[in-house]
Amino acid sequence: MKMPSLFLAHGAPLLAIERNQYTEALKQLAEELPRPRAILIFSAHWESRVQAVGTTKLNATIHDFGGFPRELYEIQYPAKGDPALAAEALRIFAEANIPATAEPVRGLDHGAWVVLRMMYPEADIPVVSLSVNPQLSAEEQYAIGKALQAFREDGVLIIGSGGTVHNFAYMSMRSDTEEGDEWAVAFEEWLRDRIEAWDLESLFRYDTLAPYARQAVPLHGSEHFVPLLYAMGAADEDRTAAREHISFRYGSLSHVIWKFGAK
């Protein structure tokens, strides 16, 4: 069965041990989706100048954060890799004239394993990780996702993991509400209108057109936003979008689920 592509916010690392509206939504999403044969995931926490593709046979769990409870560092997500799928992705990138390189060592950073653990806690689905490059143009980021869209016909779930509103300077760590600050909601609603209309011209210029764009996406911190474009590109043939969930933590850290390409 043809899979959708997804954009998932991975939130703060503490999400891995929390239970809230968003964690329940991730679990429900996995129950509603067809079971994928494998997962390709672009993580905001793996940046590289050249598109990198994880080719490892077994993904190590990377705890790429500091100052959190010991419980977080004890979490393991030992999903197998899929070297054959990774090799096919590299071949497709070559055919599309997209420079790409194999990465045989790197495992899954928290941008990947936090959301995957919520959705597939048994870690029994092969996972291939992919890097992002915030230095590319929005058109180039979208094209990388687009190059991979045929995998969806073969039961592969393509995920972009990041955060559309992700700016530590505006977060209130004392806030315990799951409602967002007014400016953060305004940015997310602007995105919703443009994404549902598949208005790429506006989305590619979100930084100058969207309200509160610089509060939502710092000038030198777009790595969390760009997985959205990779995920949308992977559904270019269908161009359908549904926001399945939105909530907030710390006033302005958005927890969003976007599903693309679903009939």
Proportion of all alpha-carbon pairs of the chain beyond 25 Å (%): 38 percent
Shape call for region 57-99 from the C-alpha gyration tensor, a ≥ b ≥ c root eigenvalues: rounded (a/c under 1.5), prolate (a/b greater than b/c) or oblate? oblate
Percent of accessible area on region 1-97 owned by carbon and sulfur, 1.4 Å probe? 51 percent
Rounded to the nearest 5, the percent of DSSP beta bridges in the chain running antiparallel is 40 percent
Picking from Gly111, Val226, Thr56, whose Cα lies most toward the positive end of the charge dipole for the chain (charges on Cβ: Lys, Arg +1; Asp, Glu -1)? Thr56
Taking the Cβ of Leu148 as the center, what net charge do the other residues with Cβ under 13 Å away carry, scoring Lys and Arg +1 and Asp and Glu -1? -3
Calculated FRET efficiency for the pair Ala169/Phe65, C-beta based, R₀ 25 Å, to 0.05: 0.90
Please state the relative contact order of the chain as a whole percent: Cα pairs under 8 Å, 6+ residues apart? 31 percent
May I ask you to list the residues of region 136-152 whose amide nitrogen lies under 19 Å from a point 7 Å from Cα along the Cα→beta-carbon direction of Asn97? 136-149
Cβ-based net charge around Gly107, under 13 Å, with every Lys or Arg adding one and every Asp or Glu removing one: 0
Restricting to DSSP loop positions (anything but H, G, I, E, B) with no more than 14 other Cβ atoms inside 10 Å of their own Cβ, which trypsin sites (Lys or Arg not before Pro) remain in region 180-222? Arg205
At 0.890 mPa s and 25 °C, Stokes D of region 40-164 from Kirkwood alpha-carbon radius, µm² per second: 165 µm²/s
Sites removed, the longest contiguous part of the chain containing no DSSP-loop GluC sites (Glu not before Pro) with at most 10 other Cβ within 10 Å is 123-263
Probe of 1.4 angstrom, ligands and nucleic acids ignored: what's the accessible area per residue over region 133-263, in square angstrom? 42 Å²
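The values are calculated or read from the model by the stated rules, or taken from the named source; none is laboratory data. Since the structure is predicted, the reported quantities are computational estimates derived from the model, not experimental observations. No Cβ is skipped: glycine too gets one built from the backbone with ideal geometry, and neighbour counts run over all protein chains shown. Areas reflect the complete protein model, heavy atoms only, side chains present, ligands, DNA and RNA absent. Shrake-Rupley method; radii C 1.70, N 1.55, O 1.52, S 1.80 Å.
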